[in-house]
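Right, one structure below, let's go through it.
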Amino acid sequence: MLAPAFPSTRDSGLKRGSLPGHSGGTVPDFHRLPPIAIVWAEAYDSGDRVETVTNVRAGRSGPDACPGALRTHDAADGPLARVRTPGGAVTSAQLAVLGAAARELGLDVIELTSRGNMQVRGVRATERLAVLLANAGLLPSASHERVRNIVASPLGGRGPRGTLATDPLVAALDRRLCANPRLAGLPGRFLFAFDDGTGDIAALDADVAYGPAGFRLGGTPVDLAGGEDPVGTMLAAAGAFLDVRGDAWRLAEVPNGASVVAARLGRTVAGEGPVRAEGASPFAGVIEQRDGLVSLEVVPPLGRLSGAQAEVLAEVAGEVRVTPWRSVVLRDLAPGEVRATAERLAAAGFATDAASPWVGVTACTGSPGCARSRGDVQGEARGWVGGLDGAPETPVHWVGCERCCGTPRGPVVLKMVGGAER
Ligand code: SF4
């Protein structure tokens, strides 16, 4: 029996509706933007900004400037260090290191990104942080740190629709990617993905994706050989992208990219273009696993953790999965222990129930972390959530300017700091 404190149980992992600004799932990736003007500059903020960059290829000059743990970004509130966590996997020991580092070396803020990574804001001692991360196993390859962009279904095959165990695939891809010197030259925006059959990750339109239904290149189903070694096939596809990319950062930026890459692997695309996939809806609460155990999904307000919150997570879980929708999943809990775990996390400030007003509300960095912001986005969003008595029906994303960084996939209401809405 599940604890009655969690009336909401995710049973399908799927959500309704379409992608923002999307005309039906067959348009190029750079059309997948909110219906607003986007202006690009070489600056970074709270999100991985998967979509924004693809809209401005004509104006780019030089390599991508994605931050990492070694190549930090000079944000308005100080150096920002992004830590890649393939598959969103972070161990208890790693959480403890990140929590202490955020508090002692930074601004006590850890942000969850739209690719399931974590980033520490305002780092005062970047070299010291790099040493701590390396010692914790969070920086296994200096040469490849910015290309370890691997997302995976957080339940890894345990959920009602999960039929593929993705954990071993993530580990193998990470290991073989880091062992391939040429692939260190991938753009920092290139994304690998594994969907366990749930469909939550397929919606991200990764450059190279694999799941029970086969391979996708930039969202386009492709009849690639390689069922015996999907990881090898994914790496070969990444290599083929390097062959043809020119100055492109994403496969969707290459004209007929899926076809071109497939052809270099001796295969053909299976359809006419990208196929829309459903994504994961915002959620907090218990998820039943097929093996009788349960997972607990919790939401840190606005996708931000304090050092202390990271340390509480470290105390209650041996390992967590950070999701691309900025929640955290604790897997393989006994039904009898989930209530106590949830109560501990709720006391630490996490939303643990789907009805929480924090579920479905996200925000960009805003002031003072971003010099472009028209105001204190985080503060205004927190004040707005304080007036809610439940989760918003449609997800809401707060922004400080028209760039709309970190806008989540799916139906979303955009709120501009200061009052504008669309
Ligand atoms: S203020 Fe604008 S540029 Fe800055 S993080 Fe928010 S949306 Fe991005």
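Where a number appears in this text, it was derived from the coordinates with a stated rule and is not lab data. Owing to the predicted nature of the structure, the values given are computational and were not obtained by experimental measurement. For neighbour counting, all protein chains shown are included, and Cβ atoms are generated from backbone atoms with ideal geometry for every residue, glycine included.
Some observations on this one:
- Estimated FRET transfer efficiency when R0 is 35 angstrom, pair Ala340-Glu104 (beta carbons, to 0.05): 0.75
- Projecting the alpha carbon convex hull of segment 230-341 along each direction and taking the average yields 10.6 nm².
- For the pair Leu242 and Leu293, a Förster radius of 45 Å applied to the C-beta separation gives a FRET efficiency near 0.65, rounded to the nearest 0.05.
- With neighbours defined as other Cβ atoms within 10 Å of a residue's Cβ, the residues Asp207, Asp167, Asp174 order from fewest to most as Asp167, Asp174, Asp207.
- Residues whose amide H falls under 5 Å from that of Glu319, counting only those 5 or more places apart or on a different chain, are Ser92, with hydrogens built in the peptide plane.
- Neighbour counts of other Cβ atoms within 10 Å put Glu253, Glu393, Glu380, Glu104 in the fewest-to-most order Glu393, Glu104, Glu380, Glu253.
- The ranking of Thr91, Thr113 by Cβ neighbour count inside 10 Å, starting from the fewest, reads Thr91, Thr113.
- All C-alpha pair distances within segment 53-186, sorted into 10 Å bins from zero, spread as 12, 39, 33, 15, 1 percent across the bins.
- Between Asn180 and Ala371, the simple label model (points 7 Å from Cα in the Cβ direction) yields a spacing of 3.8 nm.
- Relative contact order for segment 118-254: 20 percent, from Cα pairs under 8 Å spaced at least 6 residues apart, divided by residue count.
- Extension gain (nm, one decimal) between Thr394 and Arg264, 0.36 nm per residue minus Cα-Cα: 42.6 nm
- FRET efficiency estimate (nearest 0.05) - Cβ-Cβ, Arg382 to Asp223, R0 51 angstrom: 0.60
- From the C-alpha gyration tensor of segment 361-416, square roots of 5λ in Å: 19, 14, 7
- Relative contact order, percent, segment 361-416 [alpha-carbon distance under 8 Å, six or more residues apart]: 39 percent
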